[in-house]
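Each remark here refers to the structure printed beneath this line.
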Amino acid sequence: MRLSRTGWLVLGWCLIGGLPPAAQTARVQVGFCGPLKELAAVKAAGFDYIELGTTELAGLSDAEFDEAARQIKTVGLPVPVVNLFLPGTLKVTGPAIDREAQMAYVTKAFSRLARLGTEIVVFGSGGARRVPDGFSQAEAFAQLVEFGKRIAPMASRHGLTIAIEPLRRQESNIINSAAEGLKLVDAIDHPNFQLMIDFFHLASEKEDPAVIKQAGARLRHLHTANPQGRVFPLIWNEFDYAPFFATLRATGYDRRISVEASTKDFTAEAPQSIALLRRAFTANPGGVPAQAAAPPAPAPQTGGRGTGSVGPRPNTGPADRPIIEPAALERGTKIYAVECVTCHGASARGTERGPSLIRSPLVLSDRQGAVLGPFFAKGHPMQSGRPSSELTTAQAADLMQFIRQKYHDTLRGSPLFTVGDILTGDPTAGQAYFNGEGKCTACHSITGDLAGVGKRFASVVDLQQRMLFPLRGRGANPSRSVVTVTITLASGAAVSGVLVAEDDFFVTYRDASNAVRIVRRTPGLKVVKTDPLREHQLLLDTITDKNIHDLVAYLEKLK
């Protein structure tokens, strides 16, 4: 089944039965979001429920709704949750709200939802709640509070709970974070107006999953997707899902969770996605047997060298690897040996003739050959003399399996990797790189911010990681990590502050008074960002393994 635009998927998650009590939480239901016409298909796929759109149900005539209710009963698929609460034309913020129209629509919708046995009404409705340009955000928030106080008692009478959905800034300019959603819930202060969290929006806004603990019992529903394209989640390691689900497990969340995502091949991807998501609430979501999930902890480091370095981070390890298909890996290995090994090396870490593929932005952004395929189509030269355009899409995907395996063999999370002697570099060469090609002295000084850096970390591994990936955010030095922005309007007037977010339509920043400001992108607008860590980001594309080892050896001696 190929879904239309209105047929976005909502896959929920349920726990696989039979696990020991210590490894599971209460059952979390699996659901699918789609239109009425897909009822039978959703039922046949084995989902626990369907999540319909309120606007679709409210827009039916009485006769059409009676027929829809009959079909739902006949198919035997419950509708415990609905989304798409308000049509975009029914404004709840701004100078032109119509309370009578609001209440007429809500009354009709709630009455119909009660007939279906619905419990949760997801209040996303970015169009309805978008604040008009120039209108006060404070007044708009007050309007949302007033609207919530009017409809929450009505929801209670119909056995419904409204769950506000924080949306990313591209979809709404008010209530963009779960923290802001909780402020609205607290301001309305009614048991039938609560919170839901969509992982896609949470990740887009870079919000800490710890807000789930803050929400507690106020969290009534969840959505999620792979934020990279808002597609089906298929592989545990394709995105950093772990903190989100670890927090949910820690809080004992046992309600429904739904993935709102698109797919081009429902039949093929749904089973893989469901299998992955059903593991998300287990103690071993990566799917590897428990006895293999974590290697023995290595001995504490004592001498500053690799033989006693700290082991893998808690959220990495064999259970954290993307799925590598053995047959595809074998085919990819043969292709690599024939076409790639001479330039990129046996471990894909590069030679004098070709760059490392392990740190290639192109390779790292690939998913099942989707990026490499078009790249190969341009005719990259291969060692056999043939152009890469002769590789098929399937061969590109097989080749990616080989490269991904080499990538994980390189990381500490791989079962094939054991931490050896980290200090293998030349300190003198490291000093020369620090003062010369690396341009480190443009920002750093061994007598200033890096004085004694060699004794600040518990292990050389940690020193290397911090060198390559400096802290940003909590715990970091603001002067060395905060991105600032200066926005010059077409009129020539300029504003500046700390960059909060930006996209193709808006630039959001925090000014000197700590107020959040949103500027719409218009012709003639100039945006200049200053990122203290920009040079570190660029360095990752050029620094070699030898440079890294030499630089670490030099910094380790600064004690």
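None of the figures in this text is laboratory data; all of them are computed from the coordinates on show. Bear in mind the structure is a predicted one, so any value in this text is a computation, not a measurement. Counting neighbours? That spans all protein chains shown, and the Cβs are built from the backbone with ideal geometry, glycine included.
Using only alpha carbon pairs under 8 Å that are at least six residues apart, calculate the relative contact order of region 318-410 and give it in whole percent. Walk me through the numbers on the way to the answer.
On the way: 118 pairs, mean separation 32.7, N = 93.
After rounding, I find 35 percent.
Near Asp198, within a Cβ-to-Cβ distance under 12 Å, what is the net charge of the other residues, with Lys and Arg +1 and Asp and Glu -1?
Numbers: positive: Arg168, Arg230; negative: Glu165, Glu171, Glu205, Glu207, Glu260.
Neighbour charge sum, excluding Asp198 itself: -3.
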Gain in length, Ser136 to Cys343, computed as 0.36 nm per residue apart minus the alpha-carbon separation, to one decimal in nm?
-> 68.6 nm
Using a basic spin-label model with each label point 7 Å from the Cα along Cα→Cβ, how many nm lie between Thr251 and Arg520?
-> 3.5 nm
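May I ask you to derive the relative contact order of region 483-531, considering only C-alpha pairs under 8 Å and at least 6 residues apart, and to give it as an integer percent?
Details: 90 pairs, mean separation 20.1, N = 49.
Across region 483-531, relative contact order equals 41 percent.
Could the peptides 510-517, 264-271, 169-176 be put in order, highest first, of the mean number of other beta-carbon atoms found within 10 Å of their residues? Intermediate results must be reported in sequence, preceding the final value.
Numbers: 510-517: 11.2, 264-271: 14.1, 169-176: 20.4.
Those peptides, ordered most packed to least, come out 169-176, 264-271, 510-517.
Please report, in cubic angstrom per residue, the volume enclosed by the convex hull of the alpha-carbon atoms of region 168-213.
Numbers: hull volume 3.4 nm³, N = 46.
That works out to 73 Å³ per residue.
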Run through every distinct alpha carbon pair of region 9-278 and return the Kirkwood hydrodynamic radius in angstroms, one decimal place.
-> 19.0 Å
Give the long-range amide H neighbours of Arg521: residues separated by 5 or more places, or on another chain, with amide H under 5 Å away, using H modelled in the peptide plane at 1.01 Å from N.
-> Phe506, Val507
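Hey, which of these cross-link pairs are over 32 Å Cα-Cα: Lys378/Lys439; Lys37/Lys108; Lys213/Lys455; Lys183/Lys455?
Working: Lys378/Lys439 34 Å; Lys37/Lys108 21 Å; Lys213/Lys455 35 Å; Lys183/Lys455 44 Å.
As for pairs spanning more than 32 Å Cα to Cα, those are Lys378/Lys439; Lys213/Lys455; Lys183/Lys455.
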Taking Lys559 as the anchor, which aspartates and glutamates have their alpha carbon closer than 18 Å to its alpha carbon, excluding any fewer than eight residues away along the same chain?
-> Asp426, Asp449, Asp462, Asp550
Determine the gain in length on full extension of the stretch Gln228-Gln71; use 0.36 nm per residue of separation and subtract their C-alpha separation, reporting nm with one decimal.
-> 53.0 nm
Tell me, how many Å apart are the Cα centres for region 374-400 and for region 478-510?
-> 41 Å
Evaluate the relative contact order of region 9-278 (contact order divided by residue number), counting alpha-carbon pairs under 8 angstrom at least 6 apart; express in whole percent.
-> 20 percent
Using modelled backbone amide H atoms (1.01 Å from N, in-plane), which distant-in-sequence or interchain residues come within less than 5 Å of His221's amide H?
-> Ile197
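Using a simple charge model, +1 on the beta-carbon of Lys and Arg, -1 on the beta-carbon of Asp and Glu, nothing else, what dipole does region 318-410 show about its Cα centre, in debye to the nearest 20?
Details: 11 positive and 9 negative charges, 31 e Å.
It comes to approximately 160 debye.
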Relative to the compact-globule scaling 2.2 N^0.38 Å, provide the ratio for the alpha-carbon radius of gyration of region 318-410.
-> 0.99
For region 487-495, Karplus couplings with θ = phi - 60° (6.51, -1.76, 1.60), whole Hz, Gly/Pro x = 10, 10, 6, 4, 6, x, 5, 10, 10
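State whether region 76-122 is rounded, prolate or oblate according to the following rule on the C-alpha gyration tensor (a ≥ b ≥ c being the square roots of its eigenvalues): a/c under 1.5 gives rounded; otherwise a/b larger than b/c gives prolate, and the remaining case gives oblate.
Details: a/c = 3.80, a/b = 2.22, b/c = 1.71.
Verdict is prolate for region 76-122.
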Say each of Ala268 and Ser491 gets a label point 7 Å from the Cα, pointing the same way as Cα to Cβ; how far apart are those two points in nm?
-> 5.4 nm
May I have the extent of the alpha carbons of region 178-248 along their three principal axes, as whole Å values ordered from largest to smallest?
-> 39, 21, 18
Karplus (6.51, -1.76, 1.60) ³J(HN,Hα), θ = phi - 60°, over region 443-457, in Hz, Gly and Pro reported as x | 10, 10, 9, 6, 9, x, 5, 9, 4, x, 4, x, 10, 7, 10
Could you give me the ³J(HN,Hα) list for region 68-81, computed from phi with Karplus coefficients 6.51, -1.76, 1.60 and θ = phi - 60°, whole Hz, x at Gly and Pro?
-> 5, 4, 5, 4, 4, 5, 5, 5, x, 10, x, 10, x, 9
Charge sum, other residues only, whose C-beta stays under 14 Å from Gln214's C-beta, Lys/Arg counted +1 and Asp/Glu -1 = -1
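Would you mind getting me the FRET efficiency between Ala210 and Thr393? Use the beta-carbon distance for r and R0 = 51 Å, nearest 0.05. Let's see the in-between values first.
On the way: r = 41 Å, r/R0 = 0.80.
The pair Ala210/Thr393 has a calculated efficiency of 0.80.
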Using per-residue counts of other Cβ atoms within 10 Å, averaged over each peptide, order 541-548, 446-453, 398-405 from highest down.
-> 398-405, 541-548, 446-453
Nearest 0.05, what FRET efficiency do Lys183 and Lys37 give at R0 = 35 Å with Cβ-Cβ as r?
-> 0.35
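Enter the mean projected area of the convex hull around the alpha-carbon atoms of region 483-531, in nm², rounded to one decimal.
3.1 nm²
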Cβ density ranking, 10 Å radius, fewest first, applied to Arg157, Arg256, Arg349, Arg386 yields Arg157, Arg386, Arg349, Arg256
Long-range amide H partners of Asn226, meaning residues 5 or more apart or on another chain whose placed amide H is closer than 5 Å, are Val231
Report the FRET efficiency, 1/(1 + (r/R0)^6), for Lys546 and Phe239, where r is their Cβ-Cβ distance and R0 is 30 Å, rounded to 0.05.
-> 0.45
Set of region 343-361 residues, backbone N closer than 20 Å to the point 7 Å along the Cα-Cβ line of Gln383 | 343-360
